[in-house]
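Heads up: the structure comes next, in structure tokens.
Bear in mind that the values in this text are calculations on the coordinates, not laboratory data. The shown structure was predicted, so the numbers you read here are calculated from the model rather than taken from an experiment. Reconstructed Cβ throughout: ideal geometry from the backbone, glycine too, with neighbour counts over all protein chains shown.
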Amino acid sequence: MCLNNNQTVVSKVRTVILILSLMLIAPITLVPFQVTYSPLFDGDNAFSYLTDQCDFGPRPPGSENLSECREYIFNTLVQEGWTVSFQNFTYRSVDCVNIIATWPVQNSTITVLGAHYDTRPHADQESDPEDRTRPVLGANDGASGVAALLELARVLPEAIRSSIEMVFFDAEDSGYIDDWDWIVGSTHYVDQLTSSKRESITAMILLDMIGDVNLRIPREASSTDSLQDRLWSIAADLGHDDVFLDTPGSSILDDHRPFLAAGIPAVDLIHTPFPWTWHTLQDTPDNCSPESLEAVGRVVEYFLVELTASTVSTTPFPTDPPIDFALIITIALPLAIVAIVALVFFKRR
Ligand code: 1BN
Ligand code: ZN
């Protein structure tokens, strides 16, 4: 009788210990795969892509300078093994062209990286009326985003390139001039997406005005929070929280908007309030820096490597919150206490 009772207690204790162990171990298995990766993005090399574009001169839509810059972007990408196509369209009788770079075999889910490669036809933020008629060189507003994409095209691990599409938008920056709209190229790109292609895009990251010497990127207000959270967390881990400010920024009409309107998570990495060089004749390489390009490039590079390493198939951004240790402790600890109390209770009986 006594032996029987002891056996029952031992068996109960074993069961409780087993449950307790499972409770403690199970949440740990849910911790996302941790990536240890050292970004390769080189700020000096990216800066040379920026000055190369500026060497063509101002690059407004339909201009010969923009055609030459397009050939340069095409050649740089092809040299790195990317497949490049031109998406032609006409806007207000001007021939415009988006440039699209993909890896020869594309994955079923992709991230779109975007930047505009056109520049503003007039420096309308200048105080002198004559200066206001001159075109902007666009070292920051145009060339900086393109330079970062070209450097990413060079350094991204080949294993993740199938999960990426790079789009260089035309006709972003002519709004309010000759009755033009803003973001014409990105609007055209999204309008042309088939529904299956649209569904394959799980995120869009826009790089715009990321080259200023005093680069500051707050959280652009219309961007997708979950995507922003991940990028800002990586920026803090990599020591770039002096650039990626964890403060709310204003809402910007930019090339990420058509993606958001189509239901695609999107983020605009943009310097706001706009630097003093914005839409002036001072938007030149000497007001930009390799360090600024490198901070943004490395954060995006890390993000892409981590995303591709941890995503099995389709993982829409907003529905994939990270599980952290604080959450594990708040769930597992109270359960563990309950189990211990139950164990003591069983033992006494
Ligand atoms: C960004 C860089 N933008 C133009 N150059 C977008 C923009 C649109 C900014 C409207 C202000 C007003
Ligand atoms: Zn602009």
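The eigenvalues of the Cα gyration tensor, multiplied by 5 and square-rooted, give the stretch 43-309 an equivalent ellipsoid with semi-axes of 25, 21, 18 Å from largest to smallest.
A simple spin-label model places pseudo-atoms 7 Å from Cα toward Cβ; at E291 and W180 they are separated by 3.4 nm.
Take each peptide in 219-231, 193-205, count the other Cβ atoms within 10 Å of every residue, and average; sorted highest first, the result is 219-231, 193-205.
In plain terms, the residue of F74, F56, F169 with the fewest other Cβ atoms within 10 Å comes first and the most crowded comes last, giving F74, F56, F169.
Under 14 Å from the Cβ of E220, count the other residues' Cβ atoms, weight Lys and Arg +1, Asp and Glu -1, and hand me the total. Summing Lys/Arg as +1 and Asp/Glu as -1 gives -4. The gain in end-to-end length when the T83 to W276 segment is fully stretched comes to 65.8 nm, 0.36 nm per residue minus the alpha carbon separation. For V155 and L253, the FRET efficiency from 1/(1 + (r/R0)^6), where r spans their Cβ atoms and R0 equals 35 Å, is about 0.70.
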